[in-house]
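Taken together, the values in this text are just the output of simple stated rules run on the coordinates, not laboratory data. Keep in mind that this is a model prediction, so the values were computed, not measured. Counting neighbours? That spans all protein chains shown, and the Cβs are built from the backbone with ideal geometry, glycine included.
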Amino acid sequence: VLEIRNWAADMVDRDDPLLIEQIQARLLPRRGIFANPDEIIVTLGAQNALYMLATLLMAKGSKVAMEDPGYPDARSIFRLAGADIAPVPVDSSGIVTSAIPTDAGFVFVTPSHHCPTMVPLTAERRNDLLMRASRDNQIIIEDGYDSQLFDDAPQQALKSLDRTGRVVYVGSMSKTLAPGLRIGYIVASADLIAELRALRRFMLRHPPANNQRAIALFLSLGHHDALVRRLSNAFEERRKRLVDAISDHLPEWLPTDAAGGTSLWLEGPHGTDSSSIAEVAATRSVIIEPGGRFFEHTNKPSPFMRLGISSIALQHIEPGIRELAMATGRRSAAA
């Protein structure tokens, strides 16, 4: 009854103090981030966090440097705020920092696991990115995409290296708990959080209090830590099975070398059209993401595709890749 009274009340612009405490004490230190309660705000997932930041900080003509390929929904959110997108290439070390325009006011990055290739941003690139942001007076928006799901110890967040307050960190629990809960958070300066809190009040007042309290209790009892360990082990096993199956049935397709995450990025032979392959694969009950949607310019066939592993049973991976090989027109080794 006491809990019902707690979450049934209108919190106006406040967050559940227990959830803020758990984010502060359990989630952020894993990424090397140490923040005060007034430097954290709860959001309706990472997309809502990005929308709030774009609404508050960006205007028509703002230039946002983004990884290319990159997170398509972030690109759309920033454009909705009137921003111009400056695509920046990505290689095996992450975003090519030397290619970031000096006149960009914002830089959006997914440094822990780049979306969609899953490669982490190297230490050298991280330091260079922070140096350039300070020199060019840029705000870095760091999306901790898949940041908790590493094969080994999780990488420290870019925010943990920030000494000038230029990095705004966006986190979410969708990948480890449930996307339907829609709970994320932003870590930034107290002044920026206060402005975001005022904006959020007029948008939705606050995320559902019952969801906040349920997640807070789940975190406080240590269940989330145990869940992350189980998921990391399960995803590592699935990824290895997936890579082996690709080697057997699609040897000409090259996966990126990623240390964790919930998907795998593949590059096919020159001239491959992953959109056409996706259509054929769907008729064989295999769902893939064509790579073209992740690029700024998608007016030509893309040889890239993304394969998710978060919702597939281990025993279905090899048969699925065998069907995918047939969809590409290639007769697999086992056929």
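With labels modelled as points extended 7 Å from the Cα through the Cβ direction, what inter-label distance (nm, one decimal) is found for ASP103 paired with VAL243?
With each label placed 7 Å out from Cα toward Cβ, I get 4.3 nm.
Compute the acute angle (0 to 90°) between the alpha-carbon long axis of helix 45-57 and the principal axis of greatest extent of the alpha-carbon atoms of the chain; round to the nearest 10°.
It is inclined by approximately 60 degrees.
State to the nearest 20 debye the size of the charge dipole of the chain about its Cα centre, where the only charges are +1 on K and R beta carbons and -1 on D and E beta carbons. All intermediate terms of the calculation are to be shown ahead of the outcome.
On the way: 36 positive and 39 negative charges, 100 e Å.
Dipole about the Cα centre, nearest 20: 480 debye.
When the helix-only estimate is applied to the chain (DSSP H runs of n ≥ 4, each -39,500 (n - 2.57), divided by the residue count), what is the mean residue ellipticity at 222 nm, nearest 500 deg cm²/dmol?
Working: 10 runs with 126 residues, N = 335.
Taking each H run of at least 4 residues, the total per residue is -12000 deg cm²/dmol.
If the chain between ASN36 and SER311 were fully stretched, how many nm would it gain, using 0.36 nm times the residue separation less the Cα-Cα distance?
Numbers: separation 275, 0.36 × 275 = 99.00 nm, distance 3.54 nm.
Here the answer is 95.5 nm.
Along segment 249-266, what does the Karplus equation 6.51 cos²θ - 1.76 cosθ + 1.60 (θ = phi - 60°) give for ³J(HN,Hα), rounded to whole Hz, x for Gly and Pro?
My calculation for segment 249-266 gives 10, 9, x, 7, 8, 10, x, 6, 8, 10, 9, x, x, 10, 8, 9, 9, 10 Hz in order.
Above 31 Å lies some portion of the pair distances; for segment 2-221, what is it as a whole percent of all C-alpha pairs? Please list the in-between numbers first.
Working: 4046 of 24090 pairs.
Tail of P(r) above 31 Å: 17 percent of Cα pairs.
Figure the gain on full extension for LYS60 and ALA25 (residue separation times 0.36 nm, minus the Cα-Cα span) and round it to one decimal in nm. Write down the numbers at each step before the final one.
On the way: separation 35, 0.36 × 35 = 12.60 nm, distance 3.79 nm.
Full extension of this stretch gives 8.8 nm more.
In Å and whole numbers, how far do the C-alpha atoms of segment 40-141 stretch along each principal axis, longest first?
Here the spans come out as 31, 27, 26 Å, largest first.
Quick one: if you stick a label point 7 Å off each Cα along the C-beta vector at GLU195 and ASP73, how many nm between them?
Result for the modelled spin labels: 2.5 nm.
With only alpha-carbon atoms counted, please give the Rg and Dmax of segment 169-291, in Å.
Over segment 169-291's Cα set, Rg and Dmax evaluate to 20.1, 55 Å.
Test of the criteria: in segment 192-300, which trypsin sites (Lys or Arg not before Pro) are in a DSSP loop and have at most 14 other Cβ atoms within 10 angstrom of their Cβ?
Working: sites: ARG197, ARG200, ARG201, ARG205, ARG213, ARG229, ARG230, ARG238, ARG239, LYS240, ARG241, ARG284, ARG293; in loops: ARG205, ARG284.
Answer by residue number: ARG205, ARG284.
Multiply the residue gap between ASN233 and SER220 by 0.36 nm, knock off their C-alpha separation, and tell me the result in nm, one decimal place.
Details: separation 13, 0.36 × 13 = 4.68 nm, distance 2.21 nm.
Taking 0.36 nm per residue and subtracting the Cα distance, the gain is 2.5 nm.
Mind listing the long-range amide H neighbours of LYS63? Cut-off is under 5 Å, sequence gap 5 or more, other chains count too, H placed in the peptide plane at 1.01 Å from N.
Excluding prolines and chain starts, which carry no amide H, the hits are ASP84, GLY105, PHE106.
How big is segment 225-327 in terms of Cα radius of gyration and Dmax, in angstroms?
Values for segment 225-327 (Cα only, Rg and Dmax): 13.8, 44 Å.
At q = 0.14, 0.17, 0.20 Å⁻¹, what log₁₀ I(q)/I(0) does a Debye calculation on the Cα points of segment 79-132 give, no solvent, two decimals?
Each listed q corresponds, in turn, to -0.37, -0.53, -0.72.
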